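*Asks:* My structure is below; once you've seen it, I'll send some questions.
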Amino acid sequence: MSKIASAHCNPKIKPVLNHNDRTNNNAKTITKEYSYLNEYSCKANEVRATIENLYQQAYNNFYSFCEQKNGLSKNSGKPKGLQNFTKKEKCYHEFIYEIDKNTTMLQCQELTETIANITGFTPLQIAIHRDERFTDKNGNEQTHYHAHAVFFTLDRNTGLQLARQEASLNKSNLSKIQSFASQIFKMKRGEPRYSFNEKQPKYIQDYKVYAQFKEQEKLMEQRILEQQRNLDSMTQILLQEQEQARIQKEYYESKIRDLERGHQLQLDKLEKEFDNRKSIWKNIVTFGKHNEKVENDYNITKTAFLSSANEAKKNLQNRINDQLLYIEKLESDKKELSKKYELLKTDFEKTKDRLTKLENWCENNLSSNQLQEIFPEKSREQEKSNEQTLDNLISRYSKSTIRRNRRSSQNEELEL
């Protein structure tokens, strides 16, 4: 896949002038034996001296601008708004050009002048780097060809900061710069989303978002593990409570059965007792009223007994119903916990999918320097993997050499 030309500018990242001219070459991404291939328009100390002069001029112009626009402050005697002058460390920024191995300093200078004309910036330094190497995901060594173009970004007439989205770094200008980069470097241009009024995908607006996603992924994993532990714990508690409720239910059911058996025995005993009270002679003497009275007393006693027994049975049945409702509630709670866990897991999968897309984009588009800066853990893993691969190759080569030497010795012995 052919490389895409681009010119990135992030005002939040301060240029490292000594890294650009390699007076500081301690970065891990630098392969020093290839540094002779680099090209520099000037040294870091020259850039700093130029910044000092331009910054003083810009301050004087900003002083005049504020004095004419706002007048002088009664308290300090200085122009109003002078305190808003840009700090020196924020008065210069850089574009990073994605180039190929055939890109020349003349091409970089042409793009730099073009950017200066579009933005009003003042060019300070251009550095082409051909000594930063990395190993891709397939284990192949690659060179990250790129250039740093540093600009003084204050308006030389007014001293106002131009490196803002509302000023020179608006979307229209940045889109034009990408087109010029493609034309001047004779490389493929990225998708012109601005021209088609398309939104930039969120996950590639700033590769540092990856770190935030990674942190979010860790927090989500922790939440899911915690939720899983809570779910397991709650499930065990619910199962125990369900078992206790089941035992209680069976206990009350057995009580009802015992009660019913006891009631039947009591009724049989009661009926027998009243039968014994009946008397033929007394009934004759009272003209049938004795047995009639005994029968009425039996019915009254039986009704009172059954009422009391049914009340006891009703109380036990209510307790059973309470246990059934409790079991149902426990089952509902368990389902609710599972539902929350599944929702959390779905969110995690979505985040992981988005993270994978971002990671793939980063691997295909970022320099090794950026990768090591933003993903140090991943870089260490890759370095470790590369070292392991190298060790395995050396080991196999050593073993192969030993076997050849042994065969050679054996052949010599046979010849002797």
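The values are calculated or read from the model by the stated rules, or taken from the named source; none is laboratory data. The shown structure was predicted, so the numbers you read here are calculated from the model rather than taken from an experiment. A quick note on method: Cβ atoms are made from the backbone with ideal geometry, for glycine too, and the neighbour counts reach across all protein chains shown.
*Asks:* In the stretch 107-184, which strands (runs of 3 or more DSSP E) lie fully inside it and hold 1 or more residues that are modelled with pLDDT under 90?
*Replies:* Details: elements: 122-129, 133-135, 141-143, 146-152.
Strands (runs of 3 or more DSSP E) meeting the threshold: 133-135, 141-143.
Every residue, every condition in (1) basic (Lys, Arg); (2) crowded, with 18+ Cβ neighbours inside 10 Å; (3) part of a helix (DSSP H, G or I), yes or no:
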| residue | (1), (2), (3) |
| --- | --- |
| Ser2 | no, no, no |
| Ala5 | no, yes, no |
| Lys12 | yes, no, no |
| Pro15 | no, yes, no |
| Thr23 | no, no, no |
| Lys28 | yes, no, no |
| Tyr34 | no, no, yes |
| Cys42 | no, no, no |
| Glu46 | no, no, yes |
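*Asks:* Does Glu260 satisfy the criteria of being modelled with pLDDT of 65 or more, over 39 Å from the mean Cα position of the chain (by Cα) and exposed (fewer than 13 other Cβ atoms within 10 Å of the Cβ)? Outline the logic, then answer.
*Replies:* Numbers: modelled with pLDDT of 65 or more: yes; over 39 Å from the mean Cα position of the chain (by Cα): yes; exposed (fewer than 13 other Cβ atoms within 10 Å of the Cβ): yes.
Answer is yes for this residue.
*Asks:* Return the pair list, or none, for Cβ contacts closer than 7 Å from residues in the stretch 328-349 that are in contact (Cβ under 8 Å) with a residue 40 or more places away in the chain to residues that are loosely packed, with under 11 Cβ neighbours inside 10 Å and among the polar types (S, T, N, Q), at least 6 apart or on different chains.
*Replies:* none
*Asks:* Let me confirm something: among Gln142, Gln125, which residue is surrounded by fewer than 21 Cβ atoms within 10 Å (Cβ to Cβ) and among the polar types (S, T, N, Q)? Explain how you work it out, then say what you get.
*Replies:* Numbers: Gln125 fails: surrounded by fewer than 21 Cβ atoms within 10 Å (Cβ to Cβ).
Residue meeting the stated conditions: Gln142.
*Asks:* Within the stretch 36-74, track down each residue that is touching a Leu at 6+ places or on another chain (Cβ under 8 Å) and among the basic types (Lys, Arg).
*Replies:* Answer for the stretch 36-74, where residues must be touching a Leu at 6+ places or on another chain (Cβ under 8 Å) and among the basic types (Lys, Arg): just Arg48.
*Asks:* So which residues in the stretch 48-96 are among the aromatic types (Phe, Trp, Tyr), assigned to a helix (DSSP H, G or I) and out of contact with any Cys (no Cβ under 8 Å at 6 or more places or on another chain), if there are any at all?
*Replies:* The first filter runs over the stretch 48-96 and keeps only residues among the aromatic types (Phe, Trp, Tyr), leaving 55, 59, 62-63, 65, 85, 92, 95.
From the residues that got through so far, the ones that are assigned to a helix (DSSP H, G or I) too are 55, 59, 62-63, 65.
Within the stretch 48-96, Tyr59, Phe62, Tyr63, Phe65 qualify.
*Asks:* If you don't mind, there's one more thing I want to ask. Out of the residues in the stretch 72-101 meeting the condition of being of a type in the set (A, V, I, L, M, F, W, C) and in contact (Cβ under 8 Å) with a residue 60 or more places away in the chain, tell me which one is surrounded by the most Cβ atoms within 10 Å (Cβ to Cβ). Walk me through it before giving the result.
*Replies:* Going through the stretch 72-101, the residues of a type in the set (A, V, I, L, M, F, W, C) turn out to be 72, 82, 85, 91, 95-96, 99.
This time we only want the ones that are in contact (Cβ under 8 Å) with a residue 60 or more places away in the chain, so: 85, 91, 95-96, 99.
Numbers: Phe85: 20, Cys91: 20, Phe95: 24, Ile96: 20, Ile99: 26.
Checking each candidate, the answer is Ile99.
*Asks:* Pairs under 7 Å by beta carbon, first residue under 22 Å from Lys88 (Cβ atoms) in the stretch 60-71, partner in a helix (DSSP H, G or I) and modelled with pLDDT under 95, six or more apart or different chains?
*Replies:* Tyr63/Leu82; Cys66/Leu82
*Asks:* While we're here: If the Cβ limit is 6 Å and pairs must be 6+ apart or interchain, which residue in the stretch 18-46 that is closer than 14 Å to Thr143 by Cα pairs with which residue that is among the small types (Gly, Ala, Ser) and modelled with pLDDT of 95 or more?
*Replies:* none
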